[in-house]
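The values are calculated or read from the model by the stated rules, or taken from the named source; none is laboratory data. Just so it is clear, the structure is predicted and the values come from calculations on it, not from any experiment. Counting neighbours? That spans all protein chains shown, and the Cβs are built from the backbone with ideal geometry, glycine included.
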Amino acid sequence: MIHARHVPLGDPRIEAMLQEYMREWSALLPMKPGPDGAFAYPHRHRYVDDDHEAVIFVEDERPVGFALARRVPGAWQVQEFFVSPAERRRGVGARALTQLCARHPGPWTLTVRPENPAALAFWRRVLGPAPTEERGGDGVLRRRFLFQA
């Protein structure tokens with residue numbers, strides 16, 4: 001069984017998986033680690049209020065992934081979602097999403113960048129087709145998923 005637990009963003013388990021997540025993104029986007037070999041998460045300062053939440057997914061007390069979410073007008077938004085590569089392709093992501101959304105029943109949303117086709121395929125399997133496309137402030141066209149928990 002997957003459990004979603006609210007933790008501070010600085011939790012060492014989240015930090016370790018966040019580095020793995022950022023390393024995966026560095027293969028898709030121009031990102032480089034700092035002099036210490038670690039990637040800096042640019043939105044860290046946001047995860048200190050009640051409108052932002054860091055959640056770790058555990059199975060048998062083992063961390064298997066994490067999500068970073070925030071409250072936006074009328075919904076919760078998945079900002080980052082990660083399942084460890086060793087845990088993929090066995091339903092962990094779908095079960096983790098269910099646990100995340102159970103924390104805040106109601107409308108949810110997320111966007112997927114085109115540079116991440118594997119993520120887009122995952123979300124289409126779990127949520128169905130993305131109903132809208134939108135261009136972000138950075139000029140990147142994204143797929144937006146809207147769903148109810």
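Regarding Glu87, is this residue charged (D, E, K, R), farther than 19 Å from Trp123 by Cβ and surrounded by 17 or more Cβ atoms within 10 Å (Cβ to Cβ)? No: the conditions fail for Glu87. Being in contact with a strand residue (DSSP E or B) (Cβ under 8 Å, 6 or more places away or on another chain), assigned to a helix (DSSP H, G or I) and of a type in the set (D, E, K, R) is the filter here; which residues of the stretch 1-23 pass it? Scanning the stretch 1-23 gives Arg13, Glu20. The set of residues in the stretch 78-133 being of a type in the set (Phe, Trp, Tyr) and assigned to a helix (DSSP H, G or I) consists of Phe122, Trp123. Answer yes or no: is there a residue in the stretch 30-39 that is closer than 30 Å to Gly139 by Cβ, in contact with a Leu (Cβ under 9 Å, 6 or more places away or on another chain) and not basic (Lys, Arg). Scanning the stretch 30-39 turns up at least one residue that is closer than 30 Å to Gly139 by Cβ, in contact with a Leu (Cβ under 9 Å, 6 or more places away or on another chain) and not basic (Lys, Arg).
Do we find that Pro114 is modelled with pLDDT of 95 or more and over 12 Å from the mean Cα position of the chain (by Cα) in this structure? For Pro114, the condition - modelled with pLDDT of 95 or more and over 12 Å from the mean Cα position of the chain (by Cα) - is not met. Scanning the stretch 24-64 for residues that are more than 18 Å from Phe81 (Cβ to Cβ) and part of a helix (DSSP H, G or I) yields a single hit, His45.
Asp138 meets all of the listed conditions (1) touching a Ser or Thr at 6+ places or on another chain (Cβ under 6 Å); (2) in a loop (DSSP other than H, G, I, E, B) but one, namely (1).
Exactly one residue out of Met17, Met22, Met1 is loosely packed, with under 13 Cβ neighbours inside 10 Å, at pLDDT 90 or above, within 23 Å of Ala94 (Cα to Cα) and of a type in the set (A, V, I, L, M): that is Met1.
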